[in-house]
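A.B. asks: Submitted below is the structure of interest, expressed as structure tokens.
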Amino acid sequence: MNEQLVVKNFGPIKDATVDFKRVTVFIGPTGGGKSTLAKLAAIFRRNNFFGAKPDVRKKQFSVFSLTNFFSPDTWFHWTGKGDYESYEIKADLTQLETFIDSKRNITGQFLSETKQQSRGEQVKGIIEQGNYEEIKKAIENYPGGESAIDPKLLLVFKQLESLVVESLQLPQPAYFPSNRALVPAVEYSWAGLLRDDIGLPKDTLYFANDFSLSRKHVPELDIPFLNVKYIHRNGQDFIKIPESETLFRLYETASGIQSVTPLLVLLEHLSRNTEQAQSFIIEEPELNLFPTAQQGLLNWLVEKCTKGENDLTITTHSPYILSHLNLLLYAYQVAEQHPERREEVAAIVPEASWISPKEFACYQVENGGVQSLVNDELGMIDNNELDALSGDAADAFDNLIRLSKGIAVK
């Protein structure tokens, strides 16, 4: 089962249900709630969030500048991958109800049947808190040792341990904020900014710190769709362009290069980890990029961020991103329908960037809710607000032409 997020009365979101797929896209007007949904996914995907104390959970909302989005009627429901955990959380973050799947319901039955009622209730409380270290401690310190534990209760422990280990392998979110273009401008100041807590958004500071660390592992990176090369040398970031022997400092380059380079360097470093599934959440990847560069970047993102069990979530305002997503979806379908032409399709659209329609979701976020834009029959994006705006602009242009010819506008 895919992840699902239900949100009610939180900031701009009044009532929304989102099913996250391998690739999930949010579009919509500014302030409509695209980033809100993406940030909530980043928060709830953290494998220690629901097992944490209330103040720790509150801090996660603070990191993403969402603290003031709560109202008395705020409500979330998050269903994780694999359909073995889902959670409901109330507005004040102090009440956490765990909705346990059939496996954990069986655990509850075992606990109710055991003669160790008082101890069983204590362990049940630990289970519902989801604190793995406390669970291990309870097993190790059980009076009389493991041999003294009721067989049914011991089975509970073993099942629980298996579930916890499984939960620790859930995708870890990597969040790429839209203001990442700030990073090159204050290249050497991030340690001090983090230390002094000067008020910059925490998600930006954390992204900058992660980029700073990743440079040591990715000292060079070709960026073909911009025809440049990133080089990290002697603690400094440079860009090499083909027509010059000069190395330009990253902050000296075009705004599009400054915006995308930290994103790609960190993404390259994280994507090399093939042992654990990861979630990549990227705000407005198209920032400051020419349309063809946007398309090249999207190919890169899909290739790097959807390997194995990884997944990709993006927010966007770009019609070029949406049209190129349709191209990647259609390439997959053509190759599936005509396997003998697979190589020919790959010559047009790189196979590593194809997207299966079954693993794709696209939502328009506005007026407090969401609407799926995927045509299930076609397996591609159908209508969206950006197309409507383009149509409005065309209508306005037609009316101006009529007026220029002395024709009345209806």
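A.B. asks: For the list (1) over 28 Å from His324 (Cα atoms); (2) open to solvent by 10 Å² or more (accessible area, probe 1.4 Å); (3) touching an Asp or Glu at 6+ places or on another chain (Cβ under 7 Å), I need the number of the one condition that Ser35 fails.
C.D. replies: Among (1) over 28 Å from His324 (Cα atoms); (2) open to solvent by 10 Å² or more (accessible area, probe 1.4 Å); (3) touching an Asp or Glu at 6+ places or on another chain (Cβ under 7 Å), Ser35 violates only (1).
A.B. asks: When you look at Thr24, is it β-branched (Val, Ile, Thr), open to solvent by less than 60 Å² (accessible area, probe 1.4 Å) and in a helix (DSSP H, G or I), yes or no? Walk me through how you get there before you give the answer.
C.D. replies: On the way: β-branched (Val, Ile, Thr): yes; open to solvent by less than 60 Å² (accessible area, probe 1.4 Å): yes; in a helix (DSSP H, G or I): no.
Answer is no for this residue.
A.B. asks: I'd like the full set of residues that are within 23 Å of the chain's Cα centre (by Cα), of a type in the set (A, V, I, L, M) and assigned to a helix (DSSP H, G or I), limited to region 202-228.
C.D. replies: Those that are within 23 Å of the chain's Cα centre (by Cα), of a type in the set (A, V, I, L, M) and assigned to a helix (DSSP H, G or I): Leu205, Ala208, Leu213.
A.B. asks: Somewhere in region 60-75, is a residue at pLDDT below 50 and part of a loop (DSSP other than H, G, I, E, B)? Quick ask: steps written out before the conclusion?
C.D. replies: Looking only at region 60-75, we keep the residues that are at pLDDT below 50, and these are none.
The answer is no, given that none of the residues of region 60-75 is at pLDDT below 50 and part of a loop (DSSP other than H, G, I, E, B).
A.B. asks: Something else: Return yes or no: is His232 assigned to a loop (DSSP other than H, G, I, E, B), modelled with pLDDT under 95 and touching an Asp or Glu at 6+ places or on another chain (Cβ under 9 Å)?
C.D. replies: no
A.B. asks: Regarding region 304-311, can at least one residue be identified that is over 17 Å from Phe176 (Cα atoms) and not charged (D, E, K, R)? Walk me through how you get there before you give the answer.
C.D. replies: Step one: of region 304-311, the residues over 17 Å from Phe176 (Cα atoms) are 307-309.
Next cut, not charged (D, E, K, R) only: 308.
Yes, that holds for at least one residue.
A.B. asks: May I pose another question? Within region 1-14, restricting attention to residues that are modelled with pLDDT of 95 or more and not in a loop (DSSP other than H, G, I, E, B), which residue is least open to solvent (accessible area, probe 1.4 Å)?
C.D. replies: Ile13
The values are calculated or read from the model by the stated rules, or taken from the named source; none is laboratory data. Fair warning: this is a prediction, and the values are worked out from it, not measured in the lab. Reconstructed Cβ throughout: ideal geometry from the backbone, glycine too, with neighbour counts over all protein chains shown. In case anyone asks, the SASA skips ligands and DNA or RNA and just uses the protein heavy atoms, side chains included. Shrake-Rupley method; radii C 1.70, N 1.55, O 1.52, S 1.80 Å.
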